[in-house]
Amino acid sequence: GEAVYYGLNALSHNVIMANRKKLKNPNGLFLGVPGSGKSFAAKRELVNVFLATHDRIIVVDPMGEYSPLIRRLGGQGIEIAPDSPHHINPMDIDLSFDEENPMALKADFILSLMELIVGGKDGLQPIDRTVIDRCVRFMYREHIQHPEKEQMPTLQDLYELLCKQPEAEASRLATSLEIYVSGSLNVFNHETNVDLNRRLVCLDLKKLGAGLRTIAMLIMQDLVNSQVSLNFMNGLSTWCYFDEFHVLLRDALTASYCVAIWKMLRKKGCVPSALTQNVKDFLASPEIENIFENSDFLVLLAQAQGDRQIIAKQLGISPHQLSYVTHTNSGEGLLFFGNVTIPFVDHFPQNTELYAI
């Protein structure tokens with residue numbers, strides 16, 4: 001069926017085939033020291049998912065490693081950066097969701113976005129929220145009535161509406177938004193010019209500065225949520241890969257979003273995978289620990305000394321099993337699939353076009 005290849009059994013040398021969607025929850029982690037083959041293992045799975053299923057694939061790539069592979073498979077690479085020709089409009093709204101109110105969801109997203117932009121200890125005040133909500137409803141009114149004729153609103157439209165409101169708070173909100181509209185951080189004040197309906201979409205965040213990273217992650221969250229919902233409505237699963245996961249866990253808002261994906265989006269056919277070096281990253285807080293505990297699929301490659309002890313305790317594995325992740329070569333380790341544990345090797349042929357990509 002839709003089972004994909006995960007290497008050879010290190011003991012019997014039989015081919016390992018598995019279908020993560022048959023697990024209690026399909027959430028997965030790829031853990032290993034630098035050079036152990038984490039990204040390679042995830043890309044190998046991604047290629048097999050692409051060939052064996054009709055599912056869609058989204059990659060959130062903080063280091064810009066996946067674009068060549070995604071492009072070679074006919075996917076859409078999207079570089080999010082101040083000088084990038086690629087644009088995503090955070091104001092895009094899809095009116096086709098039957099069971100949800102897209103307008104209410106979008107208003108909620110814009111309130112979260114403005115809360116990040118305004119910042120401060122107290123965030124948005126009740127009057128601020130009322131003013132923003134009024135502007136949002138007015139901004140989408142024409143588009144909802146005539147979706148085929150009216151242009152999609154942008155941040156510019158929200159800014160201009162805020163400037164027209166009589167309240168003093170509206171003026172303060174507009175001034176806070178100005179840098180993201182006409183200032184140096186105007187990355188998201190453009191109409192979308194990339195194809196988000198391709199089977200493979202890669203979001204490259206490599207050139208994103210600290211000033212934009214948190215806002216970009218909120219916009220990525222909204223994008224992933226809407227794509228997963230849309231795919232689910234069309235009877236498709238969505239495989240999401242989050243490389244350099246520790247980068248996403250540094251920020252409290254992004255970390256809570258990742259926890260939400262692991263807990264909630266599986267109900268909509270999402271198959272998320274996180275790649276990181278240290279299992280310690282998942283024990284930083286009880287909230288983040290939920291990601292580790294709610295993952296039934298684990299690829300453990302070579303582990304650092306401190307991590308090996310934590311993993312042995314957390315997963316209850318024997319010293320003999322631990323030997324498969326101790327000073328091993330890249331592409332060798334332990335595969336956890338539900339309550340099955342298999343030592344595996346995956347020595348990929350190096351004289352191929354796929355290996356080079």
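The values are calculated or read from the model by the stated rules, or taken from the named source; none is laboratory data. Note that the structure is a prediction, hence the values are computed from the model and not measured. Cβ placement follows ideal geometry from the backbone for every residue including glycine, while neighbour counts extend to all protein chains displayed. Surface accessibility is based on the protein's heavy atoms, side chains included, excluding ligands, DNA and RNA. Shrake-Rupley method; radii C 1.70, N 1.55, O 1.52, S 1.80 Å.
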Ratio of the Cα radius of gyration of segment 235-357 to 2.2 N^0.38 Å, where N counts its residues: 1.14
Cubic angstrom per residue, convex hull over Cα atoms of segment 154-205: 94
Gain upon complete extension [Lys280, His320; 0.36 nm per residue less C-alpha separation]: 12.2 nm
Peptides ranked, highest mean first, by Cβ atoms within 10 Å: ranges 314-324, 82-92, 235-245: 235-245, 82-92, 314-324
Accessible area, probe 1.4 Å, largest first, for residues Lys22, Lys280, Lys206: Lys22, Lys206, Lys280
Segment 83-174: Cα Rg divided by the 2.2 N^0.38 Å rule of thumb: 1.13
Helix runs (DSSP H) in the chain reaching 27 Å along axis by Cα, Kyte-Doolittle at least 0.5: 210-233
FRET E, pair His54, Glu191, Förster distance 22 Å, beta-carbon r, rounded to 0.05: 0.15
Inter-site label distance for Phe348 and Arg141 at 7 Å from Cα along Cβ, in nm: 5.4
Length gained when the stretch Ser12-Tyr355 is fully extended (0.36 nm per residue, less Cα-Cα span): 121.0 nm
Distant-in-sequence amide H partners of Cys202 (H built 1.01 Å from N, under 5 Å): Val59, Gln76, Gly77, Ile78
Ordering of 250-261, 10-21 by packing [mean C-beta count within 10 Å, highest first]: 250-261, 10-21
Efficiency of FRET from Cβ geometry, Lys164 and Met264, R₀ 35 Å, rounded to 0.05: 0.40
Cα-based reach from Lys21 at 19 Å (exclusive), listing aspartates and glutamates while leaving out same-chain residues under 8 positions away: Glu2, Glu45, Asp55, Glu293, Asp296
Mean Cβ count within 10 Å, highest first, over the residues of peptides 28-38, 326-336: 28-38, 326-336
List Ser176, Ser295, ordered by accessible area with a 1.4 Å probe, largest first: Ser176, Ser295
Surface share of carbon and sulfur [accessible, 1.4 angstrom probe, percent] for the chain: 52
Cubic angstrom per residue, convex hull over Cα atoms of segment 111-225: 128
Translational diffusion coefficient (Stokes-Einstein; Kirkwood radius from C-alpha pairs) of the chain at 25 °C, 0.890 mPa s, in µm²/s: 112
Restraint check, Lys38/Lys268; Lys149/Lys267; Lys207/Lys313; Lys164/Lys263; Lys22/Lys207, Cα-Cα greater than 31 Å: Lys149/Lys267; Lys207/Lys313; Lys164/Lys263; Lys22/Lys207
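What is segment 43-95 by shape, rounded, prolate or oblate, if you read a ≥ b ≥ c off the alpha carbon gyration tensor as root eigenvalues and call it rounded for a/c under 1.5, prolate for a/b larger than b/c, and oblate otherwise?
The shape class here is oblate.
If you stretched the chain out fully between Lys22 and Leu116, how much longer would it get, using 0.36 nm times the residue separation minus the C-alpha to C-alpha distance? Walk me through the intermediate numbers first.
Numbers: separation 94, 0.36 × 94 = 33.84 nm, distance 3.82 nm.
Stretched out fully, the Lys22 to Leu116 stretch lengthens by 30.0 nm.
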Solvent exposure of the chain as accessible area per residue, Å², 1.4 Å probe: 45
Heavy-atom accessible area order for Arg134, Arg266, Arg71, largest first, 1.4 Å probe: Arg71, Arg266, Arg134
Distance between segment 284-357 and segment 48-82 - C-alpha centres, whole angstrom: 23
Computed [θ] at 222 nm, helices only, for the chain once each DSSP H run of length n ≥ 4 contributes -39500 (n - 2.57): -13000 deg cm²/dmol
